[in-house]
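Shown next, in structure tokens, is the structure this report addresses.
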Amino acid sequence: MRDTRVDFYLLAGDQINQLRWFCCRLTEKAWKLGHRIWIRTDDASTARLLDDLLWSYQDGSFLPHARLGEADAEHSPVLIGEHSPAEPIDLLINLAADVPPASEQYARIAELVNDDATRKQQGRARYSYYDKNNYTLEHHKIN
């Protein structure tokens with residue numbers, strides 16, 4: 001049994017915006033608990049979208065964050081980007097299609113999956129990898 005716990009959040013619906021909004025909500029919850037978070041994306045354009053969304057996803061909320069590679073990223077509790085940060089991370093929220101490199105180094109990984117056929121298939125492949133490699137797996141249905 002590995003020490004890494006992987007939580008699969010299964011969201012109803014197939015809209016990518018719903019998935020991104022839930023990512024922001026999960027990020028805010030983890031940040032308020034004092035965790036350092038990395039939101040892993042497939043590409044820079046998705047990182048930019050999330051960067052913008054974290055500023056405005058909810059009225060009156062503010063999540064201090066930075067994109068990886070920005071000057072102030074090392075001091076930010078929330079990092080967004082496609083490459084692994086050098087700083088220690090408490091929670092990795094994986095929005096990328098594949099399993100994060102060196103995934104065993106993280107205490108917690110959140111995998112967000114919705115009803116989109118492609119995302120579902122990618123999620124099943126990641127689940128299979130984690131299961132075969134003895135990660136601790138949890139499931140959460142989000143309506």
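The values are calculated or read from the model by the stated rules, or taken from the named source; none is laboratory data. Bear in mind the structure is a predicted one, so any value in this text is a computation, not a measurement. Please note: Cβ atoms are built from the backbone with ideal geometry, for glycine as well, and neighbour counts cover all protein chains shown.
Residues in the stretch 94-113 that are at pLDDT 95 or above and of a type outside the set (A, V, I, L, M, F, W, C) were compared, and the one that is farthest from Gln15 (Cα to Cα) is Arg108. Residues in the stretch 32-71 that are within 19 Å of Gln122 (Cβ to Cβ) and either over 13 Å from the mean Cα position of the chain (by Cα) or among the acidic types (Asp, Glu) (or both): Asp42, Asp43, Ser45, Leu49. Among the listed residues Leu11, Leu68, identify the single one that is more than 23 Å from Thr136 (Cβ to Cβ) and buried (at least 17 other Cβ atoms within 10 Å of the Cβ). Going through Leu11, Leu68 in turn, the sole match is Leu68.
The single condition from (1) in contact (Cβ under 8 Å) with a residue 60 or more places away in the chain; (2) of a type outside the set (D, E, K, R); (3) in a helix (DSSP H, G or I) that Gly13 fails is (3). Among the numbered conditions (1) aromatic (Phe, Trp, Tyr); (2) under 24 Å from Asn134 (Cα atoms); (3) free of Cβ contacts under 8 Å to residues at least 60 places away in the same chain, the only one that Phe8 does not meet is (3). When the stretch 31-56 is limited to residues that are under 21 Å from Glu87 (Cβ atoms) and small (Gly, Ala, Ser), the one that is surrounded by the most Cβ atoms within 10 Å (Cβ to Cβ) turns out to be Ala47.
Number of residues in the stretch 14-24 that are under 13 Å from the mean Cα position of the chain (by Cα) and loosely packed, with under 14 Cβ neighbours inside 10 Å equals 0. Glu28 falls short on exactly one of the conditions (1) free of Cβ contacts under 8 Å to residues at least 40 places away in the same chain; (2) loosely packed, with under 15 Cβ neighbours inside 10 Å, and that condition is (2).
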